[in-house]
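The values are calculated or read from the model by the stated rules, or taken from the named source; none is laboratory data. Since we're looking at a predicted model, the values are computed, not measured. Glycine gets a Cβ as well: all are built from the backbone with ideal geometry, and neighbour counts include every protein chain shown. These area figures cover heavy atoms from the full protein model, side chains too; ligands, DNA and RNA do not enter into them. Shrake-Rupley method; radii C 1.70, N 1.55, O 1.52, S 1.80 Å.
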Amino acid sequence: MKDLDNLADRVRLHRQGDPRNVVIVEGVSDKRILQRAFSESDVVYFPAGSRPVALEAAKKLSLWSQKYFICVVDRDFDDEVSNVSQANEKMPLHPYDNADLEGMLTVAGAAGDLVSEFGSVDKIKNLGGVQQVLQRTYSVIEPVSRLRRANYENNWGLAFDRVEISSKIDRKKFALKLQPYCAALDSTSDQSPGQAVLLEYANGVKEARSVPKCPRGTAPYFRGRDFLGALSAALCGYCGSKRPQSVEPEHLASILRLAGSAHLARGDWGEEFMQRTSVIH
């Protein structure tokens, strides 16, 4: 708990010598893209290192009646952000659209730029255009989104980041190989219900109690890194002819954030960010 206390203390101490408004973010990459997108905004950013630390700092600052900050975090596939918002209606939270930053940038249009830049012009044309490629990629990761929500609701403790989506995709058909994917996911946790149950949730035979959605209406709802993992595989056959090492998901994520600055600045989320950071004091 000491680390959770430190960020709120540091923010309040910093404020004593710096009158600028404060934006608490999860990580350094969030700080970088927000600085690029809103370079004219005179604010100071505090990367928390994780969402729990960011939310805990925001709770504490709100409890202390500090009103010069906003907190920008991912929604993910749990109910943490909505629960915090309901319990603390006056807390200045400004979550990203969709499940996370990369998901928001994808839907906002930045992913289309990636497809156009790294894909094959002829292949994309034959597939019906960039939007068709994006829609197909969304459908490929639908089972993963179902599993992420079921994992949260059932406390299975599955480690999704330990299973590389791009390695579980049939590149000829551009389809997720569900059985191998669920088998790999099952091995990441002793609390997993087993491959058979995971397959039922992945296929939609069993459903989570609720479906995660963005209150601002962006859809489909997905984790940005899941999309980029699938897109990495797509660019190596389905819609492009790249070598895997040139379009690794982490590399694509960095480019997405670079390409997404303009999309972020001119979208509704960005306009609200500017409004909220200009009026707090």
Out of the range 217-248, which residues are part of a helix (DSSP H, G or I) and out of contact with any Asp or Glu (no Cβ under 8 Å at 6 or more places or on another chain)? Asp226, Ala230, Leu231, Ala233, Ala234, Pro244, Gln245, Ser246, Val247
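Are any residues in the range 206-216 open to solvent by 60 Å² or more (accessible area, probe 1.4 Å) and of a type outside the set (Asp, Glu), and if so, which ones?
Of everything in the range 206-216, those that are open to solvent by 60 Å² or more (accessible area, probe 1.4 Å) and of a type outside the set (Asp, Glu) turn out to be Lys206, Arg209, Val211, Lys213, Pro215, Arg216.
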Matching residues in the range 213-268 (aliphatic (A, V, I, L, M) and in contact with a strand residue (DSSP E or B) (Cβ under 9 Å, 6 or more places away or on another chain)) number 3
Checked Ala111, Ala57 against criteria (in the same structural domain as Leu235 (by the TED database), crowded, with 23+ Cβ neighbours inside 10 Å and farther than 30 Å from Ser192 by Cα); the one match is Ala111
Within the range 126-138, which residues are part of a helix (DSSP H, G or I), of a type outside the set (Lys, Arg) and open to solvent by 50 Å² or more (accessible area, probe 1.4 Å)? Asn126, Gln131, Gln132, Gln135
Ala208, sole failed condition from (1) touching a helix residue (DSSP H, G or I) at 6+ places or on another chain (Cβ under 6 Å); (2) more than 20 Å from Thr106 (Cα to Cα); (3) part of a helix (DSSP H, G or I): (3)
Do you know which of the residues in the range 79-100 that are under 19 Å from Gln275 (Cα atoms) and in contact (Cβ under 8 Å) with a residue 60 or more places away in the chain is surrounded by the fewest Cβ atoms within 10 Å (Cβ to Cβ)? His94
Total residues in the range 1-37, condition within 14 Å of Leu101 (Cβ to Cβ) and surrounded by 14 or more Cβ atoms within 10 Å (Cβ to Cβ): 13
Looking at the range 186-205, is at least one residue open to solvent by 70 Å² or more (accessible area, probe 1.4 Å), assigned by the TED database to the domain that holds Tyr138, in a helix (DSSP H, G or I) and among the charged types (D, E, K, R)? no
Sole miss for Gly224 among (1) open to solvent by less than 40 Å² (accessible area, probe 1.4 Å); (2) within 20 Å of Leu264 (Cβ to Cβ); (3) without any contact (Cβ under 8 Å) to a residue 60 or more places away in the chain is condition (3)
Out of all the residues in the range 255-281, which are within 24 Å of Gly129 (Cα to Cα), of a type in the set (Gly, Ala, Ser) and assigned to a helix (DSSP H, G or I)? Ala259, Gly260, Ser261, Ala262
Going by the structure shown, is Arg32 in contact (Cβ under 8 Å) with a residue 40 or more places away in the chain and not acidic (Asp, Glu)? yes
Residue check: is Ser65 among the small types (Gly, Ala, Ser), touching a helix residue (DSSP H, G or I) at 6+ places or on another chain (Cβ under 7 Å) and at pLDDT below 95? no
